[in-house]
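Contents: one structure, followed by commentary.
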Amino acid sequence: MGKLRKIVLLFLFAVVSFMFASPAMAGKTRLAFSGGPDGGTFQYFSNGMSSRLSKDLTNVEVSNMASAGSVENVRRVNSGDADFGIAYSGDTYLARNGRLPQDTRQYTNVETIAYLYGAPAHLVVLANSGINQVSDLEGKRVAVGGAGSGAAAAAQRYFTSIGLWDKIDVEFIGYSKAASAIGDHLIDAMWVFAGFPNSSVIQAAASNTVKVISTVDAGKAAGFFTEYPFYSEVTIPAGTYSGVDYDINTFQDSALWIARHKLDEQVVYNAVKDIFSPKGLSYLVKVKSTAKAMSIQGALKGIVTPVSSGAAKFWIENGLTLTEAQK
């Protein structure tokens, strides 16, 4: 009986301890934020935003998750494996409409929160590679980003549109590895789809003399921008990268903050209010200078899919008007 009594007392002690500790624990909302690969802009943003929200929002803890990137984030948010994520506008649009490559499922549980920055395509080669235009990549080894990433998806769309996808040797490796591999001549070109200046392109340009190839003319000739209207032309200014003293004519997608459909409206509202406060924006610029593109006025730019109700409430309060596609 003595042993049984001891077990019962220990059990009762554990229950009482839990009851006293549980109010704070029960009130803690734990969220997952799906970011990107190491060295990528997504990961800088998701890690910075997760830290900021965990610090500033009462009873909310946001954990950053590494990810292959945009497409994987859409799938995670849609399934509920993640609450927040970062994804390209194009991937979000295609996923919701059942138009992802070899995937006709409709990811309708994904909603958008805000525009973060434009993500231009960088097509980087060594200066002495003999590659001067996109068509010169035929038969070459091209790193397009990790499998499942938005960079890889954009590369497949672009190179398929211009008739090169099946004529290049595709390598699914991340930005940091690609920056090292190009200098070691393990690949001939690296494709980076991220805000500029990008750390991996800086890395490649610091160790080698590189060129960044224009992607616009080949895309126009193939009707790429008609087929994928969520892409827009953009210029990366001369001097952005070491040795690249000319403007780079390329195209960009919009990197968006996304959320799962049934995430609590007040939590989303509070998160948006915190991140887009003057202090929140200033903090993110310190995390990654690309965040300079963020503002309340431009928060709905590039979004062609429905906006989360909590975010919509905040934007409307701040004088923005949602389009039909965003409602």
For segment 237-281, which residues satisfy the criterion of being within 21 Å of R96 (Cβ to Cβ), surrounded by 22 or more Cβ atoms within 10 Å (Cβ to Cβ) and either out of contact with any Ser or Thr (no Cβ under 9 Å at 6 or more places or on another chain) or modelled with pLDDT under 95 (or both)? Q252, D253, S254, A255
Which condition from (1) within 26 Å of T112 (Cβ to Cβ); (2) without any contact (Cβ under 8 Å) to a residue 60 or more places away in the chain is the one that Q252 breaks? (2)
Could you tell me whether any residue of segment 88-97 is touching a residue at least 24 places away in the same chain (Cβ under 8 Å), assigned to a strand (DSSP E or B) and under 21 Å from the mean Cα position of the chain (by Cα)? yes
Listed residues A194, A222; which is more than 19 Å from the chain's Cα centre (by Cα) and not hydroxyl-bearing (S, T, Y)? A222
Go through the residues of segment 282-290 one by one and say whether even a single one is crowded, with 21+ Cβ neighbours inside 10 Å, in contact with a strand residue (DSSP E or B) (Cβ under 7 Å, 6 or more places away or on another chain) and either on the phi < 0 side of the Ramachandran plot or not hydrophobic (A, V, I, L, M, F, W, C) (or both). yes
Just for helices (runs of 4 or more DSSP H) wholly inside segment 216-327: which have at least 1 residues that are touching a helix residue (DSSP H, G or I) at 6+ places or on another chain (Cβ under 8 Å) and in the same structural domain as Q156 (by TED's automatic domain parsing)? 216-222, 224-227
Residue list for segment 104-163, filter: more than 13 Å from the chain's Cα centre (by Cα) and of a type in the set (S, T, Y): T104, Y107, T108, S129, S135, Y158, T160, S161
Exception for K55 within (1) outside any strand (DSSP E or B); (2) closer than 21 Å to A147 by Cβ; (3) over 14 Å from the mean Cα position of the chain (by Cα) falls at (2)
Search segment 45-81 for residues being at pLDDT below 95 and either at positive phi or aromatic (F, W, Y) (or both), and hand back the single one that is surrounded by the fewest Cβ atoms within 10 Å (Cβ to Cβ). N59
Of all residues in segment 147-163 being buried (at least 22 other Cβ atoms within 10 Å of the Cβ) and touching a residue at least 24 places away in the same chain (Cβ under 8 Å), which is farthest from D38 (Cα to Cα)? Y158
Which residue pairs have Cβ atoms under 7 Å apart, sit 6 or more places apart or on different chains, and have a first residue in segment 290-305 that is farther than 16 Å from D274 by Cα and a second that is surrounded by 21 or more Cβ atoms within 10 Å (Cβ to Cβ) and β-branched (V, I, T)? T290/T41; I303/T112; T305/T92; T305/T112
Looking at segment 197-215, which of its residues are under 12 Å from T250 (Cα atoms) and outside any strand (DSSP E or B)? I213, S214, T215
Out of the residues in segment 290-327 that are of a type in the set (V, I, T) and under 16 Å from F230 (Cβ atoms), which is modelled with the lowest pLDDT? V304
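The values are calculated or read from the model by the stated rules, or taken from the named source; none is laboratory data. What you are looking at is a predicted structure, and each value in this text was computed from that prediction instead of being measured. Here the Cβ is made from the backbone with ideal geometry for all residues, glycine too, and neighbour counts use every protein chain on show.
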